[in-house]
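The values are calculated or read from the model by the stated rules, or taken from the named source; none is laboratory data. Remember, it's a predicted structure, so these values are computed and weren't measured experimentally. Cβ: placed from backbone, ideal geometry, glycine included. Neighbour counts: every protein chain shown.
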Amino acid sequence: MFQRRGVTVARSAEQRPGLSVERRPRLSAARKKAPKLFTKFFSFEELSKPLLDFLDFLTDVAAVTLVVALLDLRLLHVDIGIKGCLVVQGCKMHTTMVALFITICSVMFIISKMLISFLLYKKWARKKRIIENGLTGGKMVVFRSVAMQSVSPKSFLTMIMALSNKDIIGSGGYGTVYRLRVGEKAAFAVKKLNRGSAEMDRGFERELDTMGDIKHRNIVPLCGYYAAPHFNLLIYELMANGSLDAILHGKEETRGALGWPARYKIAAGVARGLSYLHHDCIPHVIHRDIKSSNILLDHNMEARVSDFGLATLMKPNDSHVTTVVAGTFGYLAPEYFETGRATTKGDVYSYGVVLLELLTGKRPTDETFLENGTRLVTWVRT
């Protein structure tokens, strides 16, 4: 026994009412268990467990947290009475302090639970569904997105395998693009890539897994891909208004529909999407083939940069990249022909050419430029 500020406090369990010697080892074990539980609480392995098991674990954490909180009331010289009342020998303790202490512990637990639930949801949202196809020996990977929520992976794979020439909406140096409609609202663009080298195929899945995490309002999202021994497929959302190239250089009625406010909106959207690829993606992404046909327009005439998945990822400290995309004459920066190295500055140059195309309505690959041995940039200067 000792005196502190007129209050007599018991040192041993025998002198403290309501707390026996036999309970001390159990309380000590509970306090030792708490740090281990909290270490496990924030571990990555716990995040990968099924959600129901994880919620059961949170219940254990809550119980231990409250026990430790009540035990720490001893620091306030509190004795636990037989009737459950909080009494200090010689005077009554202010119950507001006790309530505040327990409230703070409870709020901290609730915030931690919400944070972990949010991390679990983010992990679930990035999770991909993999469907094996025994007929072709291929594998389809579907990234979770709004566009794919109402689509069954197995039925989606069946529809992809049923695509034919009548579904073709475009073709280019990279391969052929098919239109795939699922129901009345959902529509996708399926790009069949030309077969590459074995070395390129080994890095195909790794690169596209990273590309599947790229989400931005001015970038065409990659919804999934299909990897087979003889061909590869990329699955994108289908943009309702097609490409900028088709609107600028297509039918006469479409040319006049693109006013100056709409052109400004498109230019700003492309700049935001390109800036996201260059600065916000880790590793940084060099597009290397910015042109009007790779700028798609959604139903709100919002610009979306496409075909970014065909460019190889560049590490933050690297200044070079190898990729299957060679670029398009008329949009490429002059230094590219000298060094053969793709950089973010080269993308910015190509974006500048697209701006001139928006202003003048002239296609950089126009035959008149090729015949005269000039370019759109030179033509504007003169």
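Scanning region 269-282 for residues that are outside any helix (DSSP H, G or I) and loosely packed, with under 15 Cβ neighbours inside 10 Å gives a single hit, 282.
Among the residues of region 301-329 satisfying the criterion of being touching a Leu at 6+ places or on another chain (Cβ under 7 Å) and assigned to a helix (DSSP H, G or I), which is modelled with the highest pLDDT? Looking at residues that are touching a Leu at 6+ places or on another chain (Cβ under 7 Å) and assigned to a helix (DSSP H, G or I), I get 308.
Summed over region 329-345, the residues that are farther than 14 Å from residue 377 by Cβ and touching a residue at least 12 places away in the same chain (Cβ under 8 Å) give a count of 5. Scanning region 180-195 for residues that are at pLDDT 85 or above and among the charged types (D, E, K, R) yields 181, 191, 192.
Might you check whether a residue that is more than 18 Å from residue 249 (Cβ to Cβ), of a type in the set (S, T, N, Q), over 29 Å from the mean Cα position of the chain (by Cα) and modelled with pLDDT under 90 occurs anywhere in region 330-342? Full working, then the answer.
Let us first name the residues in region 330-342 that are more than 18 Å from residue 249 (Cβ to Cβ), namely 332-342.
When the remaining residues are screened for being of a type in the set (S, T, N, Q), the result is 339.
Right, trim to over 29 Å from the mean Cα position of the chain (by Cα) and you get 339.
Next, from what is left, pick out any that are modelled with pLDDT under 90: 339.
Among the residues of region 330-342, at least one is more than 18 Å from residue 249 (Cβ to Cβ), of a type in the set (S, T, N, Q), over 29 Å from the mean Cα position of the chain (by Cα) and modelled with pLDDT under 90, which makes the answer yes.
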